[in-house]
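The values are calculated or read from the model by the stated rules, or taken from the named source; none is laboratory data. Quantities reported herein were computed from a predicted structural model and do not represent experimental measurements. Please note: Cβ atoms are built from the backbone with ideal geometry, for glycine as well, and neighbour counts cover all protein chains shown.
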Amino acid sequence: MKNYSKITPVGTKDLLFEECLANRTVSSILGNVFAHRGFHEVLTPGIEFYDLFSESISGIPMEYMFKMSDSKGRLMVVRPDSTLPIARMVSTRLKNAEHPIRLYYNQRVYRYNPGLTGRSNEVMQTGIELIGAKGKRADLEVVTTAVEALSKCVPDFRIELGHAGFFKALAQKLPVNREEREEIRGFIESKNYSALNSALDSLEQTQAVNVIRKLPRLFGGIEVLDEACNLCDDSDALATLEYLREIYNDLSKLGLGERLIIDLGLVQRNDYYSNIVFSGYVEGSGEPVLIGGRYDNLLDSFDAPAPAIGFGINVDALASVMMNRGNIPQGKSVEVLVHSQKGYEIEAIKYTNTLSEANIFGENSVFETEEEALAYAKAKGIKKLSIVGENIKTIDTGV
Amino acid sequence: MMKPLRIALTKGRLEKDTIKLLENAGYDCTAVREKGRKLILPIGSGEIEVVLAKAADVITYVENGVCDLGVVGKDTIMENGRSFYEILDLGFGKCRFALAGKAGTDFLSGYNAITIATKYPNVTRNFFEGKGMDIRVIKIEGSVELAPLLGLSDAIVDIVETGSTLKENGLVIIEDNVAPISARLIANTASLKLRKTEIEELADKMEKERAKMQ
């Protein structure tokens with residue numbers, strides 16, 4: 001039988017030193033942003049009942065989830081997303097909590113990706129959820145938190161805004177069934193112009209059809225909204241455009257300039273997005289590093305209706321971009337090696353502790369002889385060696 | 001200077017057709033015509049870089065964002081497609097997926113389990129799933145036509161241009177509306193957002209040339 005004890009499973013990896021530091025640095029920068037803005041950290045279980053993530057609620061296809069059964073044979077999944085567990089938590093343990101509830105998380109999520117494409121099945125994700133608040137102020141609060149979070153890591157990010165309601169309003173007017181509608185949505189999501197055209201060609205050419213035909217191309221600056229306004233007169237669709245314009249104008253005051261873009265073709269599979277949706281992109285990452293939106297109907301599934309909005313950030317992707325750009329500050333290295341003469345082992349450990357209290361990085365030597373300790377310090381580039389005996393004697397190692 | 005826009009081309013016929021299209025659009029493609037063994041080649045005045053790759057790899061490079069754009073057949077997209085934008089039907093490289101079997105056999109009726117040989121197991125499975133049929137798929141790398149002749153499978157699903165290879169081997173097309181195929185211009189999702197102007201400009205030029213070619 002093949003022995004798998006020395007390899008990690010497909011889509012996972014060990015993070016060593018620099019990579020680990022990059023990952024932790026990003027988590028901590030983002031966590032700080034969230035905490036300073038009044039969000040409170042929560043952790044949810046690594047395994048959950050499958051029912052929580054059933055496709056009709058989560059939009060995550062069954063084959064993307066790691067599944068197992070518990071001791072009673074019930075179907076379990078390894079957490080593929082953090083928003084649903086938080087929705088569950090809010091509807092149960094925080095049922096009586098005062099609204100709005102401001103939460104953030106930093107934990108790994110697990111999804112099977114089609115093999116051998118280099119994608120991870122295990123991703124560190126951090127994000128916020130603002131639950132129990134609706135309206136523009138709540139939307140601005142969350143989007144500006146996203147802006148601040150990204151600007152603390154990579155100043156040249158782009159934030160893209162869309163509105164799930166725009167497509168929904170137009171799609172309602174199409175003479176198609178649910179399945180065909182889903183197919184059309186898929187073509188818009190993948191900006192598959194030719195397939196979308198052929199799907200729409202067979203329909204009666206109404207105004208809604210014409211706008212939907214142009215949807216994949218309706219992305220760019222504020223001019224996109226003008227263009228869309230000229231194309232349609234559906235009042236619901238126009239209202240979503242008007243709302244996006246307000247949000248866009250407000251956000252412009254942050255001086256984002258061209259980094260703020262609009263994509264009316266942002267129609268994610270996650271059917272739970274009901275209103276404004278947004279994504280964040282950075283040069284050097286082939287996929288969005290941030291995805292979020294308003295999901296006012298999701299908590300209905302847990303019998304605790306409440307409006308909500310949030311986003312998640314792919315920490316691994318952001319960390320790798322920052323590392324490649326050399327933007328991760330190096331950790332401090334050991335400055336002193338503390339070696340004890342025989343009988344002074346505990347004194348040496350105490351001395352190492354006093355160094356650490358003074359914020360000096362000291363390593364306690366585990367060698368038997370002074371010569372070995374000195375050789376080790378030289379090899380590791382440690383500048384000083386302290387010998388603890390009757391007295392403490394510190395010498396330069398000459399590196 | 002901005003880093004060049006990187007476009008991955010499927011080696012072979014799609015590469016030649018794309019280069020022709022790009023030359024017609026006014027890009028200097030000398031480096032690709034005289035490529036030797038190089039795999040990354042500058043075109044135009046260096047604002048675009050061409051990468052030559054196998055079809056399925058084009059998708060992988062674009063999906064991972066190391067190439068911004070790619071030219072690949074719809075057949076490869078249907079077999080491997082995942083998340084990227086499919087922004088233009090280039091119109092060349094036309095063919096179609098077809099289901100073909102030995103002449104004179106009626107394998108679709110009856111109650112026996114059906115075996116299909118193909119280079120495109122996902123396309124095949126989806127096609128029969130759509131018909132509500134349960135089949136066994138065997139993946140073949142080379143000449144798929146051999147499988148039914150040797151008795152390995154009842155039929156094949158493969159791409160067909162003229163159908164002459166099938167005819168010579170005594171196979172007939174049972175259904176050829178499995179899907180129409182042609183070359184597509186695909187774009188990485190983040191690249192399209194980050195480099196919209198450059199990508200749209202190139203796509204527009206290509207679309208205009210395509211219209212002229214037809």
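When the test is whether a residue is closer than 22 Å to B:A179 by Cβ and of a type outside the set (V, I, T), B:E79 passes it.
Tell me yes or no: at least one residue of the stretch A:127-146 is surrounded by fewer than 21 Cβ atoms within 10 Å (Cβ to Cβ) and in a strand (DSSP E or B). Looking through the stretch A:127-146, none of the residues is surrounded by fewer than 21 Cβ atoms within 10 Å (Cβ to Cβ) and in a strand (DSSP E or B).
For the stretch A:281-301, residues that are away from chain B (no Cβ under 14 Å), in contact with a Ser or Thr (Cβ under 9 Å, 6 or more places away or on another chain) and either assigned to a loop (DSSP other than H, G, I, E, B) or surrounded by fewer than 23 Cβ atoms within 10 Å (Cβ to Cβ) (or both) total 5. Residue-level analysis places A:K253 among those that are modelled with pLDDT of 90 or more, farther than 15 Å from A:H163 by Cα and of a type outside the set (A, V, I, L, M, F, W, C). With respect to (1) within 14 Å of chain A (Cβ to nearest Cβ); (2) out of contact with any helix residue (DSSP H, G or I) (no Cβ under 6 Å at 6 or more places or on another chain); (3) among the β-branched types (V, I, T), the lone exception for B:I48 is condition (1). Each residue in the stretch A:180-200 was checked for being surrounded by fewer than 17 Cβ atoms within 10 Å (Cβ to Cβ), within 14 Å of another protein chain (Cβ to nearest Cβ) and under 30 Å from the mean Cα position of the chain (by Cα), and 2 of them qualify. Here the stretch B:146-189 is the region considered, the condition is being closer than 30 Å to A:P155 by Cα and buried (at least 23 other Cβ atoms within 10 Å of the Cβ), and the residue that is farthest from the chain's Cα centre (by Cα) is B:N188.
If you check A:V388 against the conditions, is it under 29 Å from A:R24 (Cα atoms), touching a residue at least 40 places away in the same chain (Cβ under 8 Å), surrounded by 14 or more Cβ atoms within 10 Å (Cβ to Cβ) and among the hydrophobic types (A, V, I, L, M, F, W, C)? Here the answer is no, as A:V388 does not meet what is asked.
Close Cβ contacts (under 7 Å, 6 or more residues apart or on different chains) running from residues in the stretch A:323-346 that are more than 15 Å from A:I387 (Cβ to Cβ) to residues that are in a loop (DSSP other than H, G, I, E, B) and small (G, A, S) comprise A:N324/A:G284. Restricted to the stretch A:1-31, and to residues there that are part of a helix (DSSP H, G or I) and without any contact (Cβ under 8 Å) to a residue 60 or more places away in the chain, the residue that is surrounded by the most Cβ atoms within 10 Å (Cβ to Cβ) is A:R24. If only residues of the stretch A:360-393 that are farther than 16 Å from A:K342 by Cβ and assigned to a loop (DSSP other than H, G, I, E, B) are counted, the one that is farthest from the chain's Cα centre (by Cα) is A:K383.
Residues in the stretch B:103-145 that are in a loop (DSSP other than H, G, I, E, B) and under 18 Å from the mean Cα position of the chain (by Cα): 7 in all. Number of residues in the stretch A:271-280 that are within 14 Å of another protein chain (Cβ to nearest Cβ) and surrounded by fewer than 24 Cβ atoms within 10 Å (Cβ to Cβ) equals 0. Looking at the stretch B:9-79, the helices (runs of 4 or more DSSP H) lying wholly inside it that each contain 1 or more residues that are in the same structural domain as B:T197 (by TED's automatic domain parsing), out of contact with any Lys or Arg (no Cβ under 9 Å at 6 or more places or on another chain) and under 24 Å from B:T189 (Cα atoms) sit at B:13-24, B:55-63. Taking the criterion of being free of Cβ contacts under 8 Å to residues at least 24 places away in the same chain and surrounded by 15 or more Cβ atoms within 10 Å (Cβ to Cβ), the residues of the stretch A:201-216 that qualify are A:R213, A:K214. Quick check: anything in the stretch A:209-217 more than 13 Å from every other protein chain (Cβ to nearest Cβ), under 31 Å from the mean Cα position of the chain (by Cα) and not in a helix (DSSP H, G or I)? No, that holds for no residue.
Candidates in the stretch B:173-196 are the residues that are under 20 Å from B:V157 (Cβ atoms), of a type outside the set (A, V, I, L, M, F, W, C) and out of contact with any Leu (no Cβ under 8 Å at 6 or more places or on another chain); of these, the one that is farthest from the other protein chains (Cβ to nearest Cβ) is B:N177. Regarding A:A304, is this residue in a helix (DSSP H, G or I) and either more than 29 Å from B:I181 (Cβ to Cβ) or within 14 Å of chain B (Cβ to nearest Cβ) (or both)? Criteria not met by A:A304. Restricting attention to the stretch A:157-171, the residues being away from every other protein chain (no Cβ under 12 Å) and over 12 Å from A:R294 (Cβ atoms) number 6.
Assess whether B:E86 counts as being facing chain A (nearest Cβ under 7 Å), surrounded by 24 or more Cβ atoms within 10 Å (Cβ to Cβ), in contact (Cβ under 8 Å) with a residue 60 or more places away in the chain and under 21 Å from A:Q268 (Cα atoms). So B:E86 does not fit the description; no.
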